[in-house]
Amino acid sequence: MTAPAGASVHASAVQVGNRAVLIRGPSGAGKSRLAFELILAGRAGQIPPSLLVGDDRVHLEARAAQLLVRPAPALAGLIEVYGLGIRRCEFAEEAIVGLVIDLAAPDAERLPSPGALWVSIHGIKVPRIPVDRGFAALPLIAAALTTTNDNGFDAVSANCEKEISNHIRPSIAPE
């Protein structure tokens, strides 16, 4: 992104647990729908508790080596729900971005390269999931929140027959 710090960008954001998921994509890609799906998944206990930060326009700012997101003031607490229109809901005034979802991403692949799974925004490197048009993003987000990957940071469990380290983390897996 080349916008100055704090500038409004066309995106939605939802705080999931203690980090925000920043949802980007072209108009009509499903940013609002995914934001609402994340809120519902948080209420259902499928992912950590979730709260809207902003829908359609948000402000991004790099501060203390973290990427912060806040709602555009005129849209704070508002979300578009397809078929119902603009609705009001609880919202977080600010959150730290922990994951970027790019909907209708031209570089989305079944087995993405390691470089495709990171993005730098305002000089802050953040994990990223590129999602192809027509694919559901919510299962990818749930997988990113509840599984480990084979990136060299997570050790392979001794009982892993396939040696690919994709076990659910007990700290956030349902009991």
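What follows is calculated from the coordinates using simple rules that are stated; it is not laboratory data. These numbers come from a predicted model, not from an experiment. All Cβ positions, even for glycine, are placed from backbone atoms using ideal geometry, and neighbour counts span all protein chains on display.
Tabulated data
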item: Verdict on residue 24 being under 23 Å from residue 131 (Cβ atoms), surrounded by fewer than 18 Cβ atoms within 10 Å (Cβ to Cβ) and touching a residue at least 12 places away in the same chain (Cβ under 8 Å); result: no
item: Matching strands (runs of 3 or more DSSP E) fully within the stretch 43-120 where at least 1 residues are among the charged types (D, E, K, R); result: 57-63, 66-71, 78-81, 85-88, 95-103
item: Number of the condition not met by residue 70 [criteria: (1) surrounded by 17 or more Cβ atoms within 10 Å (Cβ to Cβ); (2) closer than 15 Å to residue 31 by Cα; (3) of a type outside the set (A, V, I, L, M, F, W, C)]; result: (2)
item: Residue within the stretch 53-60 that is of a type in the set (Asp, Glu), in contact with an Asp or Glu (Cβ under 9 Å, 6 or more places away or on another chain) and touching a residue at least 24 places away in the same chain (Cβ under 8 Å) present; result: yes
